[in-house]
Amino acid sequence: MPDPEPPPPPPDGILWDIAGEYRTLLALPAAMAMQVAHPAVGAGVDAHSVFRTDPWGRGERSLRSLQLWVYGGEAAAAEGRRLRALHRDIRGTDTRGRDYHALTPANYAWVHATGFPVYRHSRVYLGQPFTPAQERQLYAEWLQVGRVLGLHDRDMPQSLEEFWPYYRRVLAEELEETEVVRDLVAVDRWVPPPDRGPRAVRLVLRVLWPVLLPGLARFRRFLTVGLMPADARVAIGLAWTPAQERRLRRFGRVVRWVSPRLPSRLRYAPLAHRARRSRPPAR
């Protein structure tokens, strides 16, 4: 009899409350930058991803995938299988001359691992910081996401006491400012205008894009670097000033005030909103 497929995190857990919130999604670029700062991951994305030529499509697919891990129900495990199949042929040589494969546990596990410290760090600015008990619960739920993605328990630190030494070792021994990191934080590189959404909006954005892009690029860099844990920022070599820290704290105060006052359909991404509306009532 085959092993049962791992279930996604429970509907009464922390991830169901935060993973689909738009304010939480603001931290996704920070997690992605940490992922591609690993030489093997960065090399794979550099050679095989379409993030430069199709950034909006790539972002839309990534967001849907992430939402399925948490809110997908039976579709969560299917999405995990799809991702493993998608990465099965991604291999090559990284910037340090080492052979890599996308599904090598050390590489795949790091991509998953970045979510926890970014959730934890960004919450200090965009919501209420987690208590120690909530951090443990969040980490346990994030391990469940790892199982959905096809990681084995032996390849993931099984407790916070195991996670932080592992995390610090990767920061010290692996992370660097890869070419993909430089692309993700660049403010002077061309990004095509959005090609999703209502046609009228796309036409307006296409006309205004040369004016809008510089400011949006600076804001993207600001959030990417600012919502990244400080130790990861230092390990990669990304500058962050006291003035930027003050601006981020001011921005966070606005987000903390506005977000809880929004209706659910404006507070959560569509898939998360639908899942939360249909979840069974608490017993």
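The values are calculated or read from the model by the stated rules, or taken from the named source; none is laboratory data. These numbers come from a predicted model, not from an experiment. All Cβ positions, glycine included, derive from the backbone under ideal geometry; neighbour counts span all protein chains shown. Keep in mind that these areas ignore ligands, DNA and RNA; they rest on the heavy atoms of the full protein, side chains included. Shrake-Rupley method; radii C 1.70, N 1.55, O 1.52, S 1.80 Å.
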Which is in a strand (DSSP E or B) and not acidic (D, E), of Y100, Y108? Y100
Taking interchain pairs and intrachain pairs at least six residues apart, which have beta carbon atoms under 6 angstrom, with the first residue in segment 229-241 and assigned to a loop (DSSP other than H, G, I, E, B) and the second open to solvent by 50 Å² or more (accessible area, probe 1.4 Å)? G237/E177
Condition met for A78 (farther than 20 Å from P270 by Cα and not in a loop (DSSP other than H, G, I, E, B)): no
Is at least one residue of segment 117-136 more than 30 Å from R250 (Cα to Cα) and in contact with a helix residue (DSSP H, G or I) (Cβ under 6 Å, 6 or more places away or on another chain)? no
When segment 40-88 is examined, which residues are found to be more than 18 Å from P6 (Cβ to Cβ), open to solvent by 70 Å² or more (accessible area, probe 1.4 Å) and of a type outside the set (A, V, I, L, M)? H48, R52, T53, W56, R58, E60, R61, R64, R88
Determine whether segment 173-185 contains at least one residue that is open to solvent by 80 Å² or more (accessible area, probe 1.4 Å), over 19 Å from the mean Cα position of the chain (by Cα) and under 30 Å from L143 (Cβ atoms). yes
Qualifying residues in segment 36-71 (those that are over 15 Å from the mean Cα position of the chain (by Cα) and of a type in the set (S, T, Y)) - the one modelled with the highest pLDDT: Y71
If we scan segment 251-274, do we find a residue that is of a type in the set (A, V, I, L, M, F, W, C) and not in a helix (DSSP H, G or I)? yes
Give the residues of segment 125-159 that are open to solvent by less than 20 Å² (accessible area, probe 1.4 Å), more than 24 Å from A239 (Cα to Cα) and in a helix (DSSP H, G or I), sorted by residue number. L138, Y139, E141, W142, L143, V145, G146, V148
Of the residues R154, R123, which is modelled with pLDDT of 95 or more, farther than 14 Å from M34 by Cβ, touching a Phe, Trp or Tyr at 6+ places or on another chain (Cβ under 9 Å) and of a type outside the set (S, T, Y)? R123
With the checklist (1) in contact (Cβ under 8 Å) with a residue 24 or more places away in the chain; (2) surrounded by 13 or more Cβ atoms within 10 Å (Cβ to Cβ) in hand, flag the one item P193 doesn't pass. (1)
Taking segment 196-221 on its own, how many of its residues are of a type in the set (K, R), surrounded by 12 or more Cβ atoms within 10 Å (Cβ to Cβ) and without any contact (Cβ under 8 Å) to a residue 24 or more places away in the chain? 2
